[in-house]
Amino acid sequence: MDAVDVPRILLFLLVLNIKNDVIVGLHITKVRVPTPLAVGEGGWLECEFVDEGESIYALKWYLGLDEFYRWTPAENPPVKTFPVKGDPLTVDIAASNRGKVKIHDVTLGASGVFRCEVSAEAPDFHTESDVATMTVVGRPELVDYLPAPGRPRDRSGDRDTRSALSSTAKTAAPRQHLHQVHSIHLQPLL
């Protein structure tokens, strides 16, 4: 072996080692949360991972810093849930498994960063995590029957409604622009 081959061999071994560190072993391929959701709705949290032959010790879901779901395949039962302050969501334990978690009855408190964390078994307990952000918005509530802006108040047969918003709701439009129209009367052009 001459002196020119040594750097090439070392470079080859270095690239092979880096490639093995990146590709082999546990890694998360996708984290997905439903967004936006309205208060009271639900959906699926999805955490896809490749274990590359490593046994999985646990998969956990967090909302902020609070763990609310854990899947430990070696335990019975394998799925456990934990309360989160304010009860921002409900987990459907029967429908959930591995990294796919069914949630429903979300509140505004469910808005935020969701983190999926997957850990391999002993001896190294290699752990990977990734995040996704969910937005929950409030639903307008029907308060009373009022005419739309610019329309007289006492027109027989008209039932226009105006929506008001909860003071804690996050919405995309200002209050004055939220109107529901029940009927539109068009005049033919002559």
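Quick notes
- Residue list for the range 82-96, filter: in a strand (DSSP E or B) and open to solvent by 40 Å² or more (accessible area, probe 1.4 Å): T90, D92, I93, A94, A95
- In the range 33-54, the residues that are without any contact (Cβ under 8 Å) to a residue 60 or more places away in the chain form Cβ pairs under 7 Å with partners that are in a loop (DSSP other than H, G, I, E, B) and open to solvent by less than 20 Å² (accessible area, probe 1.4 Å), at six or more places apart or across chains, as follows: E46/G99; E48/G99; E52/G25; E52/L26.
- From T90, T72, T107, T133, residue being within 20 Å of Y57 (Cβ to Cβ), among the β-branched types (V, I, T) and modelled with pLDDT of 50 or more: T72
- Test: K100 is at pLDDT 55 or above and open to solvent by less than 80 Å² (accessible area, probe 1.4 Å): no
- Selection over the range 91-118 of residues that are hydroxyl-bearing (S, T, Y) and touching a Leu at 6+ places or on another chain (Cβ under 8 Å) gives a count of 1.
- Only a single criterion out of (1) hydrophobic (A, V, I, L, M, F, W, C); (2) open to solvent by 60 Å² or more (accessible area, probe 1.4 Å); (3) without any contact (Cβ under 8 Å) to a residue 60 or more places away in the chain is not satisfied by W71, namely (2).
- Pick from the range 41-58, criterion open to solvent by less than 40 Å² (accessible area, probe 1.4 Å) and of a type in the set (G, A, S), ranking: nearest to V136 (Cα to Cα): G42
- Where a residue in the range 113-127 is aromatic (F, W, Y) and its partner, wherever it lies, is assigned to a loop (DSSP other than H, G, I, E, B), with Cβ under 7 Å and at least six apart: F114/V33
- Selection within the range 103-119 - outside any strand (DSSP E or B) and either surrounded by 16 or more Cβ atoms within 10 Å (Cβ to Cβ) or of a type in the set (S, T, Y) (or both): V106, T107, L108, G109, A110, S111
Conditions (1) over 27 Å from T29 (Cα atoms); (2) modelled with pLDDT under 95; (3) among the β-branched types (V, I, T), marked per residue:
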site: S96; (1), (2), (3): no, no, no
site: D124; (1), (2), (3): no, yes, no
site: T127; (1), (2), (3): no, no, yes
site: P149; (1), (2), (3): yes, yes, no
site: L165; (1), (2), (3): yes, yes, no
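The values are calculated or read from the model by the stated rules, or taken from the named source; none is laboratory data. Since the structure is predicted, the reported quantities are computational estimates derived from the model, not experimental observations. Every residue, glycine as well, gets a Cβ built from its backbone with ideal geometry; the counts of neighbours run over all protein chains shown. Remember, those area values only see protein heavy atoms, side chains included, never the ligands or the DNA or RNA. Shrake-Rupley method; radii C 1.70, N 1.55, O 1.52, S 1.80 Å.
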